[in-house]
Amino acid sequence: MSTTLYQQIQQFYDASSGLWEEIWGEHMHHGYYGPDGTEKKDRRQAQIDLIEELLHWAEVKTAENILDVGCGIGGSSLYLAEKFDAKATGITLSPVQANRATERAQKLNLSDRSQFLVADAQAMPFADNSFDLVWSLESGEHMPNKIKFMQECYRVLKPGGKLIMVTWCHRPIDHAPLTDDERKHLQDIYRVYCLPYVISLPEYAAIANQISLQNIRTADWSQAVAPFWDFVIDSAFTPKAIWGLLTAGWTTIVGALSLGLMSRGYQRGLIRFGLLCGDK
C-alpha cells in the first residue's frame, strides 16, 4: 500500500473514530433494513442485523479462529468472538482504532481471546492457513490492489475455511461503461473517504475465481442498506454531533458534509453494496 494512501486512511480514522463511536456506536458499517430497505428499526439494531444476515447468507454456523480485516474499533470482531465463543484477531491501519478495540475487549472480558493489530491487509503478518473465517466488512474499497488483497485473504484462510467480503462497489459495466458524470461522482467519494478506487461486484467475482476460491457466491444488497446514509445524515447535524465535528478536525467535517454523496450514489444506482463469499 502506498505510503501516502496509508497515511491518509490512518489519519482519517484516527481523527473520526472517536466521534463515530460517541454518536453512532461501535459498529462502523451499514445497517440492514430488510430485503427491500423498508423495515423501520433503530440504526444500531440495523447494524447488528446486517452481521446476522451476512452470517445467515454465507451459511456460517460456527467459527473458531476469526480474522476481521479492517476491524475498526472491534465492533464485528468482538461480536463474532462472543457469538461463536471464538478467538478473534482484528487488523486496521489506525493505531487509535486498534487501541480502542483493545480497550473494548477488556471491558467485555474478551481480552484472552482477542487481539487488535496495526497491519496492512495487503501484507498480513500471519502464517498461511491461520483462520477458519476471514471477515472483511467494508474495507475492500480502501485497498489499492484488489487482487493482492484477496490473495492475502485466501493465503491466511485455512483449507475448508470461509471468506466473507462485503464492500462498496460501482455498478456493473459489462453492458455500459461508466459515464463521465458517474466517474466524477466516484472521484468525489474517493477523495472524501480516502479510497483509491472501487470496482464492480462481477470484477470481484472474477478475482475470486482467479485465486481459486471455491463455492463462490455473490449478492447485491444495495436496496437493503441504502437507507442507512439518510439516518446518518439526520443524526450528523444534532448539537452533540456538530460540536464533535468541530473538535475532530477538517477531514472529519468534510466527511460529514459529504454524506449525501453516498446517499445519492445509491439513489442513482451507481454505488452498490456487494457481497462475496467462498471457501478454500
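What to note about this one:
- Within segment 90-119, considering residues that are under 15 Å from the mean Cα position of the chain (by Cα) and touching a residue at least 40 places away in the same chain (Cβ under 8 Å), the one surrounded by the fewest Cβ atoms within 10 Å (Cβ to Cβ): S94
- In segment 5-27, the residues that are closer than 19 Å to Y79 by Cα and open to solvent by 50 Å² or more (accessible area, probe 1.4 Å): E22
- Looking at E52, E39, E22, E103, just one residue is out of contact with any strand residue (DSSP E or B) (no Cβ under 9 Å at 6 or more places or on another chain) and under 24 Å from K158 (Cβ atoms), and that residue is E52.
- Among (1) open to solvent by less than 60 Å² (accessible area, probe 1.4 Å); (2) without any contact (Cβ under 8 Å) to a residue 24 or more places away in the chain, the one test that G70 misses: (2)
- Residue in segment 41-52 that is at pLDDT 90 or above, over 24 Å from D132 (Cβ atoms) and of a type in the set (G, A, S) present: yes
- Within the option set M165, M143, being in contact (Cβ under 8 Å) with a residue 40 or more places away in the chain, of a type in the set (A, V, I, L, M, F, W, C), touching a Pro at 6+ places or on another chain (Cβ under 9 Å) and on the phi < 0 side of the Ramachandran plot holds for one residue only, M143.
Matching residues to (1) open to solvent by less than 20 Å² (accessible area, probe 1.4 Å); (2) over 29 Å from G34 (Cα atoms); (3) acidic (D, E); (4) part of a loop (DSSP other than H, G, I, E, B):
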residue	(1), (2), (3), (4)
K162	no, no, no, no
M165	yes, no, no, no
H175	no, no, no, yes
L178	no, no, no, yes
I216	no, no, no, no
Q223	no, no, no, no
D230	no, no, yes, no
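- Scanning segment 175-187 turns up one or more residues that are more than 24 Å from T3 (Cα to Cα) and modelled with pLDDT under 95.
- Breaking point among (1) under 26 Å from P35 (Cα atoms); (2) in a strand (DSSP E or B), for T89: (1)
- Considering (1) within 21 Å of Q97 (Cα to Cα); (2) open to solvent by less than 60 Å² (accessible area, probe 1.4 Å); (3) not acidic (D, E), the lone condition that P125 does not fulfil carries the number (2).
- Single match in G72, G18, G34 (criterion: over 15 Å from L137 (Cβ atoms) and not in a helix (DSSP H, G or I)): G34
- Contacts under 9 angstrom Cβ, first residue in segment 251-270 being farther than 20 Å from L201 by Cβ and modelled with pLDDT under 80, partner open to solvent by 20 Å² or more (accessible area, probe 1.4 Å) and among the polar types (S, T, N, Q), 6 or more apart: T251/Q8; T251/Q11
- Reported count of residues in segment 140-160, each being among the hydrophobic types (A, V, I, L, M, F, W, C), surrounded by fewer than 21 Cβ atoms within 10 Å (Cβ to Cβ) and not in a helix (DSSP H, G or I), is 0.
The values are calculated or read from the model by the stated rules, or taken from the named source; none is laboratory data. Quick caveat, the model's predicted, so the values are computed rather than measured. All Cβ positions, glycine included, derive from the backbone under ideal geometry; neighbour counts span all protein chains shown. Accessible surface areas use protein heavy atoms only, side chains included; no ligands, DNA or RNA. Shrake-Rupley method; radii C 1.70, N 1.55, O 1.52, S 1.80 Å.
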